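Structure, as structure tokens:
The values are calculated or read from the model by the stated rules, or taken from the named source; none is laboratory data. Remember, it's a predicted structure, so these values are computed and weren't measured experimentally. In this analysis, Cβ positions are derived from the backbone assuming ideal geometry, glycine residues included, and neighbour counts consider all displayed protein chains.
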Amino acid sequence: MHGLMMRTPLTITSIMRHAQINHPHATIADITMDNPTHRYTYREAFERTAQLAHALAGCGLNATDRVATLAWNDHRHFELYYGVSCSGYVLHMMNPRLFPEQVVYVINHAEDRILFIDPLFLPLLEKLADKLPTVQRYVVLTDDAHMPQTPLPGAQSYESFIAGHPTAFDWPNLDEDTASSMCYTSGTTGNPKGVLYSHRSTVLHAMGCCMTDAMGVSSKDRLLPVVPMFHVNAWGVPYAAPMAGADLVLPGPKMGDGQALFELIEGHQVTCALGVPTVWLALLEYARKAGGKLASLDRTVVGGSACPKAIMDEFRDVHDVRVGHAWGMTETSPMGTINTESRRVAELAEDTRYALALKQGRGTFGIEMRIVDDKGEQLPWDGEAFGPLQVRGPWVCSAYYRQSEGQQSHTADGWFDTGDVATVDEYGYMQITDRTKDVIKSGGEWISSIELENLAVGFDGVAEAAVIGVAHPKWFERPLLIVRPEEGAEIDPDALLASYKGQVASWWIPDAVAFVQDIPHTSTGKISKRQLRERFADYKLPADGG
Ligand code: AMP
């Protein structure tokens with residue numbers, strides 16, 4: 001017997017309708033190249049979204065054709081999030097930091113028909129345009145007054161594209177399983193892989209984000225997603241905010257600019273900001289130098305790479321800001337786990353609570369997780385045992401888009417193998433110890449490079465740290481600590497290594513420190529261990545290492 005409840009489809013259109021009716025006065029403030037102080041309401045945003053839908057309807061697209069964006073976090077990108085998906089097409093948010101040959105690969109693989117481009121990315125695209133046979137139209141995200149000269153065939157400004165169209169649209173009734181958007185992973189080896197989200201997965205994920213023990217988004221919030229809208233849906237914020245009725249503040253191209261972010265937070269009284277650790281390093285450094293306090297900020301969500309203790313300390317002690325350390329990936333929409341304090345944990349001793357807060361957090365409803373051993377047997381949740389982390393749930397990808405070779409990423413019983421290695425403790429808090437391919441195996445035992453890096457970043461004068469395994473005759477591999485010092489800092493390597501004593505097992509302590517002027521990063525801002533391993537391939541450890 002089936003229940004007798006309505007089967008209203010879970011579509012992105014339903015989020016838009018909800019916001020139009022219930023939160024028309026909530027605002028979006030953003031920075032674009034043509035207007036650094038743009039601001040309007042959700043009502044106005046969705047009226048322009050309707051105009052965009054009319055313009056798209058005249059382009060001769062078929063249902064679920066791909067429409068791509070190369071764009072920053074701003075109001076026009078927000079309109080595309082809704083206008084494209086709610087029309088029944090698939091929004092392909094492209095990462096402009098991919099290598100040019102990868103940009104060509106993903107556009108051709110997705111068979112994008114229209115490209116919406118921020119003026120800042122025109123130079124990148126103009127060089128590639130003759131390799132993009134599926135693209136029929138280029139629209140530049142600006143108005144006619146600011147439209148740059150471009151050789152892209154038939155290029156027009158976004159404002160002229162949508163101008164003159166009606167501000168209401170008869171949105172199609174979509175099946176909730178219809179594909180809505182896609183992102184490609186930023187694979188460091190091989191071609192990027194496409195992750196294809198559905199309306200249903202997007203709505204459920206947005207509801208998950210709003211939960212109190214997740215991002216806790218409410219109509220009292222003003223959210224600043226510093227995580228790009230071209231990388232995993234800006235962590236679902238452009239959907240969660242209209243769902244909850246929260247205001248949005250979008251930083252445009254000012255993503256890595258500490259001063260601009262500080263001024264946005266102050267100027268707009270932002271309550272919750274979300275981004276990767278490097279962004280917060282820039283913000284905190286500016287606040288320190290300027291002697292400013294982030295008074296309106298209630299919490300930050302930090303993820304994408306492990307959040308160093310130093311960042312958490314400074315947010316908490318100087319700015320009275322809660323940090324929710326979160327873990328996720330393109331394949332998980334991305335929210336997987338997030339760290340908030342449960343009642344049970346709140347009753348523990350202060351130092352235990354703080355140690356737990358540093359972990360990546362508990363699975364939200366919608367994400368099931370398990371850690372397994374070499375044979376695929378489930379490992380205990382004791383905070384000690386660590387192994388590959390596997391997840392499943394309604395916003396986890398079940399396969400990659402048009403990938404012909406076998407899906408080694410999924411287990412026979414339907415779990416997604418994340419490629420991360422983790423522990424889970426008795427309270428359910430997960431901690432990432434490594435990427436599977438970055439694990440250091442010394443004498444057959446695993447050493448967590450992430451834990452060693454986090455401790456190193458807390459040492460005076462260390463700006464950035466990475467730990468990789470280098471070959472060792474006796475132990476097979478031993479850890480090497482690579483450090484980029486802060487400008488002008490003199491670091492004593494022995495004192496740095498001695499600081500590990502008592503914090504990790506003695507055999508985890510790196511054998512040596514190498515100082516460098518720069519640490520390479522991937523297109524999504526993570527430390528590129530692959531490049532470091534190449535750079536240090538011939539590195540010889542001191543004779544008695546280990
Ligand atoms: P991406 O799909 O580019 O967002 O990358 C996802 C990967 O980033 C994950 O598989 C993890 O390896 C890493 N990651 C994400 N969040 C965290 C975190 N809080 N701590 C450590 N690693 C993280």
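Which residues, taken from segment 460-490, are more than 21 Å from residue 540 (Cα to Cα), touching a Gly at 6+ places or on another chain (Cβ under 9 Å) and not small (Gly, Ala, Ser)?
The answer is 485, 486, 490.
Given the options 81, 42, name the one that is under 21 Å from the mean Cα position of the chain (by Cα) and crowded, with 24+ Cβ neighbours inside 10 Å.
Unique residue meeting the criteria: 81.
Hey, can you tell me all the residues within segment 510-543 that are within 16 Å of the ligand (Cβ to nearest atom), part of a loop (DSSP other than H, G, I, E, B) and among the charged types (D, E, K, R)?
Correct list: 526 only.
I'd like to check something: does segment 27-34 contain any residue that is surrounded by 16 or more Cβ atoms within 10 Å (Cβ to Cβ), more than 22 Å from residue 142 (Cβ to Cβ) and touching a helix residue (DSSP H, G or I) at 6+ places or on another chain (Cβ under 7 Å)?
No, segment 27-34 contains no residue that is surrounded by 16 or more Cβ atoms within 10 Å (Cβ to Cβ), more than 22 Å from residue 142 (Cβ to Cβ) and touching a helix residue (DSSP H, G or I) at 6+ places or on another chain (Cβ under 7 Å).
Which residues, counting only those in segment 163-186, are assigned to a strand (DSSP E or B) and either within 16 Å of the ligand (Cβ to nearest atom) or over 17 Å from residue 13 (Cα atoms) (or both)?
Hits for segment 163-186 are 181, 182, 183, 184.
Scan 217, 203, 139 and give me the residue that is surrounded by 20 or more Cβ atoms within 10 Å (Cβ to Cβ), free of Cβ contacts under 8 Å to residues at least 60 places away in the same chain, under 22 Å from the mean Cα position of the chain (by Cα) and farther than 14 Å from residue 94 by Cα. First the steps, then the outcome.
Values: 203 fails: free of Cβ contacts under 8 Å to residues at least 60 places away in the same chain; 139 fails: under 22 Å from the mean Cα position of the chain (by Cα).
After applying the criteria, what remains is 217.
Which of (1) within 12 Å of the ligand (Cβ to nearest atom); (2) of a type outside the set (Val, Ile, Thr); (3) under 15 Å from residue 256 (Cβ atoms) is the odd one out, the single condition residue 282 does not satisfy?
So the condition that residue 282 fails would be (1).
Of the conditions (1) at pLDDT 90 or above; (2) farther than 29 Å from residue 180 by Cα; (3) in contact with an Asp or Glu (Cβ under 8 Å, 6 or more places away or on another chain), residue 410 clears all except one; give me its number.
The one condition residue 410 does not meet is (2).
State whether the residues of segment 152-162 include one that is in a loop (DSSP other than H, G, I, E, B), among the hydrophobic types (A, V, I, L, M, F, W, C) and under 30 Å from residue 527 (Cβ atoms).
no
Looking at segment 94-105 only, could you name the residues that are modelled with pLDDT of 95 or more and surrounded by fewer than 24 Cβ atoms within 10 Å (Cβ to Cβ)?
104, 105
May I ask you to say which residue of 440, 432, 450 is surrounded by 13 or more Cβ atoms within 10 Å (Cβ to Cβ), touching a Gly at 6+ places or on another chain (Cβ under 6 Å) and either modelled with pLDDT under 90 or under 22 Å from residue 304 (Cβ atoms) (or both)? Step through it out loud before you land on a result.
Details: 432 fails: touching a Gly at 6+ places or on another chain (Cβ under 6 Å); 450 fails: touching a Gly at 6+ places or on another chain (Cβ under 6 Å).
Only one candidate passes the filter, namely 440.
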